[in-house]
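**Q** Here it is, the structure in full.
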Amino acid sequence: MAFGLAVLTATPAHAKSFWDKNSEGYWWYRDPPPEAAPPLPAPAPPPPPALPEPEPQAATPPPPPPSPDPPPPPEPFSVEWLKEKTEEYRRRAVNSPTEDNVRAYYYVQRIALDKATKFAEVAQSVVVGDPLLDGNARRPISTFAGNAKSKEAQVEMEALLKTLSTRVGLLYFYKSDCKFCEMQAPILQAFAKSYGFHVEPIALDGQPSPSGLFPDFKVNQTLVQRFNITITPTLYMLKPPDGVAPIAQGAIPLEEIRRRVLIVAAKLGWITKEEMDRTRPINPVPMLDAMPPPPPGTDLSTPDALVNYLRSQVRQ
C-alpha cells in the first residue's frame, strides 16, 4: 500500500494520471496529430506593367544650305537695267514731279527708244537679202505683186478643185423645213456646177426641197444613223470606195466650201502637198520650226554657230 502511495506521489503534478483519463481506458490509442502540410509557395508577383515605348525622336533637320550670293546688279544701260530703272524713275517722277525727277525719267526713256531704233536699223540690214528672214520672199509686200500672187493662187485653186471633182463627190443632208438648207442649196449648186462636183442629196424627212433644187434626192436612214446627222444642212465629202470625211455642219458660204474641201482633201492625202501649196498666196519657203532637234554635241553656243546650223538644215 505504501508502494502504491509512493507511485501516486511520484507522478508529476502536471501529468495526467491514468485515473484522470476517464473513458480513454488503459488501452486507449490516440492517433498522432497529422503532419502539417508544407506551406504553399507564395504566388509569383505579377510582371511589372510594360513601359510605353519612347516616341521616336524626330531627326534633327540638316542645317539649311547657305543662301546664295545675291545676283550682281544689272549692267548700267542694259535691257535688264532699263527694265528696272524705267519703272523706278517713273514712280519717282509721278510721286514727286520735280524737274530733276521728270528729266531723269525722260532720259532713261530716251535710252530705251534709242536702243530700239538702233535694233530696228540693224534688223532691216539683216533681213534684206536673207530668204529665210525676208518676208517679201514669202509674200510680196508691194500691192501690185501681192495682187498678182493672189490671182495666181486663185487660178491654181480653181484648177485643183476641177481635178479633185473627178475623184470625190459630196453628200448633202437636208430637211424640207430647214430654212438654212434653203439658203445653202443654191450656194452648193453653184459650187457643184462651177467645178463639176457630183452632189448626192439625202432628205432626212423624205421630202423634196421647197425650192425645187436637187430634185433627185434620196432617203437613206442608214447613212443618217451612221454619221449621226442631227444638224442640217450637213456636208460630207466621199471618195470611192470607202473614203468619207465631214466638211461642214450648218450653212457656209461658197468661199468656205472651196477652202474646206481642199483642206480636208490635203489632210487625207487625196491631193498632194505640192498641189495644196500652189493654191496659197505665199511662196513655199522652208519653215524653221519644223526642223528636228540638233544631234548631241552640236555647237549652238554662239550666234554664228546657231545661224550656220539652221542654214545647213535648210539646204538639206
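**Q** Once you compute Rg and the Kirkwood Rh from C-alpha atoms, what is the Rg to Rh ratio for the range 81-157? Walk me through the numbers on the way to the answer.
**A** Values: Rg = 22.0 Å, Rh = 16.2 Å.
Here Rg/Rh amounts to 1.36.
**Q** A further question on this structure: Cross-link partners among lysines for LYS85, C-alpha distance below 28 Å, same-chain residues fewer than 8 apart left out?
**A** The reachable lysines, counting only those whose Cα sits under 28 Å from LYS85, are LYS115, LYS118.
**Q** Follow-up question, since we're still on this one. Show me the three semi-axes of the equivalent ellipsoid for the range 219-294, from the C-alpha gyration tensor (sqrt of 5 times each eigenvalue), largest first, rounded to whole Å.
**A** 32, 15, 12
**Q** Next question. Would you check the range 146-277 for Lys pairs whose C-alpha atoms are within less than 25 Å, ignoring same-chain pairs closer than 8 in sequence, and give me the count?
**A** Within the range 146-277, the lysine pair count is 22.
**Q** From the backbone phi of the range 144-157, what are the Karplus-calculated ³J(HN,Hα) couplings (6.51 cos²θ - 1.76 cosθ + 1.60, θ = phi - 60°) in whole Hz, Gly and Pro given as x?
**A** 5, 6, x, 5, 5, 5, 5, 5, 4, 5, 5, 4, 5, 5
**Q** Taking H placed 1.01 Å from N in the peptide plane, check which residues at least 5 places from THR234 or on another chain put their amide H under 5 Å from its amide H.
**A** Residues meeting the criterion, in which the H sits 1.01 Å from N, are PHE173, GLY250.
**Q** Moving to a separate point now. Could you rank the peptides 271-281, 97-107 by their average count of other C-beta atoms within 10 Å per residue, with the highest value first?
**A** Values: 271-281: 15.6, 97-107: 13.3.
The most tightly packed comes first, giving 271-281, 97-107.
**Q** Compute the separation of the alpha-carbon centres of the range 94-170 and the range 234-277 and state it in Å as a whole number.
**A** So the two Cα centres are separated by 31 Å.
**Q** Within 10 Å, count the other beta carbons around each residue, average over each peptide in 294-301, 163-170, and list them highest first. Don't skip to the answer; put the middle values down first.
**A** Numbers: 294-301: 8.9, 163-170: 16.4.
In decreasing order of mean packing, 294-301, 163-170 become 163-170, 294-301.
**Q** Compute the Rg to Rh ratio over the range 146-277 from the alpha carbon atoms, using the Kirkwood formula for Rh, and round to two decimal places.
**A** Details: Rg = 15.1 Å, Rh = 15.3 Å.
For the range 146-277, the value is 0.99.
**Q** Same structure again: Could you derive backbone 3J(HN,Hα) for the range 274-288 from the dihedral phi with the Karplus parameters 6.51, -1.76 and 1.60 (θ = phi - 60°), listing whole Hz in sequence and x where the residue is Gly or Pro?
**A** 5, 5, 5, 4, 5, 8, 9, x, 9, 7, x, 8, x, 9, 5
**Q** Right, next: Could you list which residues have their amide H under 5 Å from that of GLU200, counting only those 5 or more apart in sequence or on another chain, with H placed in the peptide plane?
**A** Long-range HN contacts for GLU200: LEU170, LEU171, TYR172.
Read-outs: derived from the displayed coordinates by stated rules, not from any lab. Keep in mind it's a predicted model, so treat the numbers as computed, not measured. Please note: Cβ atoms are built from the backbone with ideal geometry, for glycine as well, and neighbour counts cover all protein chains shown.
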